[in-house]
Structure formats: C-alpha cells, structure tokens
1. If you check 180, 137, which single one turns out to be of a type outside the set (Val, Ile, Thr) and under 18 Å from the mean Cα position of the chain (by Cα)?
2. Among the numbered conditions (1) over 17 Å from the mean Cα position of the chain (by Cα); (2) within 18 Å of residue 131 (Cα to Cα); (3) among the acidic types (Asp, Glu), tell me where residue 207 comes up short.
3. For residues in segment 3-40 being closer than 15 Å to residue 200 by Cα and aromatic (Phe, Trp, Tyr), which is modelled with the highest pLDDT?
4. How many residues are surrounded by 13 or more Cβ atoms within 10 Å (Cβ to Cβ) and of a type outside the set (A, V, I, L, M) if we restrict to segment 143-156?
5. Does segment 202-215 hold any residues that are of a type outside the set (A, V, I, L, M, F, W, C) and over 22 Å from residue 42 (Cα atoms), and which are they?
6. Given the conditions (1) over 19 Å from the mean Cα position of the chain (by Cα); (2) hydroxyl-bearing (Ser, Thr, Tyr); (3) under 19 Å from residue 114 (Cα atoms), which single one is not true for residue 148?
7. Could you tell me which residue of segment 151-177 is nearest to the chain's Cα centre (by Cα), considering only residues that are among the hydrophobic types (A, V, I, L, M, F, W, C) and over 23 Å from residue 102 (Cα atoms)?
Amino acid sequence: MNDVIIYGILNVTPDSFSDGGKFFDPSVACEHALAMKADGADVIDIGGMSTRPGFEDVPEEEEIRRVVPVIKAIKEKDPSCVISVDTFRAGTAEASLKAGADIINDITGLMGDPDMGKVITKYKAKAVLMRDGFGDLDEGWEVMLQRTVDAAKTAGIDDSLIVLDPGVGFTKTREQDLELINAIPDMKAKWGYPIFLGVSRKRVTADFYKGDTKADERLGASLALALYGVEKGATEIRVHDVKDTYAAVKAWERMHG
C-alpha cells in the first residue's frame, strides 16, 4: 500500500466551523504550520475563506490578502514545507502558486471558476478536486465526479497530478457521507486516481457521540472514520489533529504490515 499523506488544516479565517480566528495572524499561522509539520503533517492546507456548507463569501482580494503572507512566511522559515491552498478561485490560486504554494485544493471540482483549470495547468500544480461542489446533490457522486474529471482533462491537467475528493460533509444527510466513504473502492476502480478524504471534526463525526459535542471534541470519531477511509483506499487525509492522526495512521500501517 502507499503511505498515507496527511494534510494539516490551517484556517486563516475568522469564521471556520472549528478553529475560526485562532490563526488569523500570519506569524501565529506560520508557527502553527511548522508545529503541524513537526507532528507529522506532509502538507499544510491553508484556507483563506471558510468553505463549510452555508459559508459566507469574501472578496477574492481579501482571500489573497489572508493567504499569501502566510505562504511566504512558511516558505521563508522552511522552504521544504509543502503547501496546499483551499480555494475555488483562479486568482487566489495563481497568487498562491506564485507565492510558493504547491497544491490547489478546489472544493468545486473546477466548477467554481472557469479559469481554475488553466491556472493549475500553467503552474503544473497538483490538484485535489472534489466532486462538483456547486452541482445538484441528487445527481450522485458518479455524475458529479465525472464532470470534474472531464473538466480536468479538458484543462490539460496531467493525470499524475490529479487527486479526487468524494466530498464528505457536502451532502444532504450524514448517511450519504458514510456512503461516500464506502464508495471509495468504486471511485478508485472507475478513475484510478488517488482519493483524498476530509472527515475531521465534520458534522458526520458528531453522530457517534452520546451527547452534544463541539467540533474540537470529536477526535475519536474523526480518527475512526479517517482510518476506515484509509482501509477503503484513501491515501490522502485532511485533518485538524495532526499529532494524533499521525500516530493512529502509523499504528494502523504497522498492524497491516
């Protein structure tokens, strides 16, 4: 099996569902990024705008203003740090890649901005592409992911740089979220691309607790679902709790030989 790639979440926003406002200052964000890398993160995934369901839009200029200084600060401290930027805007993507980012993580699957595919191709960046995040949820993941794959091919993104995200958390029900994780083997069989999974602290994890929980109290369920996704074939996971996830993945890998 391939080693699991861990993306450490770094939200430089005032309103993200779990940690909004904690890392809004670029120096604090940089410090947290390097701490996550030391704890086992392979990639730092920076978001300048909350993309939780029902998120509040911010101007592209503001998104760039939040993200680019953090990228530069991290790269100045540690040029080897691999950086992903969570955005669906081509302008933010281009500014981020110019500043030193390596990966674009687009929750709209290239449907949010008609120029996104061109920017990714121009910079030969790795692309994590969720199923069409602006599509009709009743279409099903096969139709929505196929639309994203077709757009990536049309844009000329190299096959070796494409990773697919089934979009857990961007569904109507929690059962649909679990169905997406169970469908990972079918996604790999259909398209052959690596699968990226983001379940950390999401609403689906709250279903497994007896009482109400805050987002940062859902580590147990987050780890369980992430490891189940790895068992199903996901090779890239996006998490808040890097240290514990790293340990859980390494234990899982060792027990599976």
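1. Exactly one of 180, 137 is of a type outside the set (Val, Ile, Thr) and under 18 Å from the mean Cα position of the chain (by Cα), namely 180.
2. (2)
3. Out of the qualifying residues, it is 7.
4. 3
5. Within segment 202-215, 203, 205, 207, 209, 210, 211, 212, 213, 214 meet the criteria.
6. (1)
7. 168
Every residue, every condition in (1) in contact with a Cys (Cβ under 6 Å, 6 or more places away or on another chain); (2) closer than 27 Å to residue 46 by Cβ; (3) of a type in the set (D, E, K, R), yes or no:
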position	(1), (2), (3)
170	no, yes, no
179	no, no, yes
200	no, yes, no
217	no, yes, yes
244	no, yes, yes
250	no, yes, yes
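The values are calculated or read from the model by the stated rules, or taken from the named source; none is laboratory data. Predicted, not measured: the structure shown is a model, and the values here were computed from it. Cβ atoms come from the backbone with ideal geometry, glycine included; neighbour counts cover every protein chain shown.
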